[in-house]
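Worksheet: one structure, shown below.
The values are calculated or read from the model by the stated rules, or taken from the named source; none is laboratory data. Worth saying up front: this structure is predicted, and the values here are computed from it rather than measured. Neighbour counts run over all protein chains shown; Cβ positions are idealised from the backbone, glycine included.
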Amino acid sequence: PTPSPSVSPSSARAAIVNYAKAQVGKAYIWGGEGPIGFDCSGLVLKAYQQAGIYLPHYSGSQIARGHRISLDEIQPGDLFAKPGGGHVAIYVGNGQIVEAANPRAGVRLTSIYSSLYPLRINSNILD
């Protein structure tokens with residue numbers, strides 16, 4: 001038998017979302033993993049750590065650890081990714097994402113935009 005996760009999917013997703021939202025307004029720093037700033041994959045890495053999910057610090061490698069899902073399947077804590085692997089953002093519900101966008105915008109809460117697709121990280125903690 002597969003061991004059950006120590007964290008429920010709903011509490012894992014809440015931990016990811018709450019961490020991401022708490023970083024809004026911080027700086028974009030290339031290679032950043034907090035606490036003062038993040039790049040896109042560093043934000044995802046640290047948010048997912050709050051749920052006990054450990055990902056590499058590179059958006060392409062994070063994307064490779066997941067699978068595409070439909071917009072109908074998206075749940076808070078899932079990711080949105082840029083085709084080609086150049087960007088990842090965390091879905092926080094109500095059509096919004098938290099992303100470490102660029103040095104000008106920093107970490108921001110914004111609406112989903114069409115150049116991103118929904119993605120779920122492969123983890124029994126989120127299922």
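Do we have GLY77 as buried (at least 17 other Cβ atoms within 10 Å of the Cβ), touching an Asp or Glu at 6+ places or on another chain (Cβ under 6 Å) and either more than 12 Å from ALA100 (Cα to Cα) or at pLDDT 95 or above (or both) here? Spelling it out, it is not the case that GLY77 is buried (at least 17 other Cβ atoms within 10 Å of the Cβ), touching an Asp or Glu at 6+ places or on another chain (Cβ under 6 Å) and either more than 12 Å from ALA100 (Cα to Cα) or at pLDDT 95 or above (or both).
TYR91 passes every criterion in (1) of a type outside the set (A, V, I, L, M, F, W, C); (2) surrounded by 21 or more Cβ atoms within 10 Å (Cβ to Cβ); (3) at pLDDT below 95 apart from (3).
Which one of these is closer than 20 Å to SER8 by Cα, touching a Leu at 6+ places or on another chain (Cβ under 6 Å) and of a type outside the set (Phe, Trp, Tyr): LEU45, LEU126?
LEU45
Taking the numbered list (1) more than 22 Å from SER11 (Cα to Cα); (2) part of a loop (DSSP other than H, G, I, E, B) in turn, ARG108 passes all entries but (2). Scanning the range 105-127 for residues that are in contact (Cβ under 8 Å) with a residue 60 or more places away in the chain and either more than 15 Å from ALA51 (Cα to Cα) or of a type in the set (Asp, Glu) (or both) returns ALA105, GLY106, VAL107, ARG108, LEU109, ASP127. For the range 94-104, a tally of residues being surrounded by 12 or more Cβ atoms within 10 Å (Cβ to Cβ) and either free of Cβ contacts under 8 Å to residues at least 24 places away in the same chain or within 22 Å of ALA14 (Cβ to Cβ) (or both) returns 5.
Scanning the range 101-122 for residues that are out of contact with any Gly (no Cβ under 7 Å at 6 or more places or on another chain), hydrophobic (A, V, I, L, M, F, W, C) and more than 18 Å from GLY84 (Cβ to Cβ) yields ALA105, LEU109.
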